[in-house]
């Protein structure tokens, strides 16, 4: 087993039409199934996954840039789609990562995104399980 660096813990009650809370209370959200008939506002597992994946990936992007002594500013947006699975009739998710990188040229932005995809723990966990599309884009720093 790998050496544990830290552990996070959360509990969900009543599935997609329920509630989720982290052990420390920082996450304390009503869940609403966007595909269901539950009215009201709340989060959903895909939204939480998008937040987690985008932040993890953006951290991996900065790690790869630091290893190359590149000073970047970035923003990663994860779009998580809840889809029908034609193979088993159930559901699955797919992800698109839109990666905006300031401080590098387009080729370097693509290289950093591909390298981040190899080391990001969420990318490792999803590899071969869900479709992940990378859309890196270099942008100029505002003057």
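The values are calculated or read from the model by the stated rules, or taken from the named source; none is laboratory data. Here the structure is a predicted model, which means the values were calculated and not measured. Reconstructed Cβ throughout: ideal geometry from the backbone, glycine too, with neighbour counts over all protein chains shown.
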Considering only the range 102-115, I want to know if a residue exists there that is under 21 Å from the mean Cα position of the chain (by Cα), modelled with pLDDT of 95 or more and in a strand (DSSP E or B). yes
Condition test on residue 61, is it touching a residue at least 40 places away in the same chain (Cβ under 8 Å), more than 20 Å from residue 22 (Cβ to Cβ), assigned by TED's automatic domain parsing to the domain that holds residue 116 and within 11 Å of the chain's Cα centre (by Cα)? no
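Do we have residue 78 as under 27 Å from residue 137 (Cα atoms), touching a strand residue (DSSP E or B) at 6+ places or on another chain (Cβ under 6 Å), modelled with pLDDT of 95 or more and buried (at least 16 other Cβ atoms within 10 Å of the Cβ) here?
On the way: under 27 Å from residue 137 (Cα atoms): yes; touching a strand residue (DSSP E or B) at 6+ places or on another chain (Cβ under 6 Å): yes; modelled with pLDDT of 95 or more: yes; buried (at least 16 other Cβ atoms within 10 Å of the Cβ): yes.
Yes; evaluated as a whole, the condition is true for this residue.
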Out of the residues in the range 35-69 that are part of a loop (DSSP other than H, G, I, E, B) and in contact with a strand residue (DSSP E or B) (Cβ under 8 Å, 6 or more places away or on another chain), state the one that is surrounded by the most Cβ atoms within 10 Å (Cβ to Cβ). 44
Return the only residue of 128, 103, 36, 25 being on the phi > 0 side of the Ramachandran plot and touching a residue at least 12 places away in the same chain (Cβ under 8 Å). 103
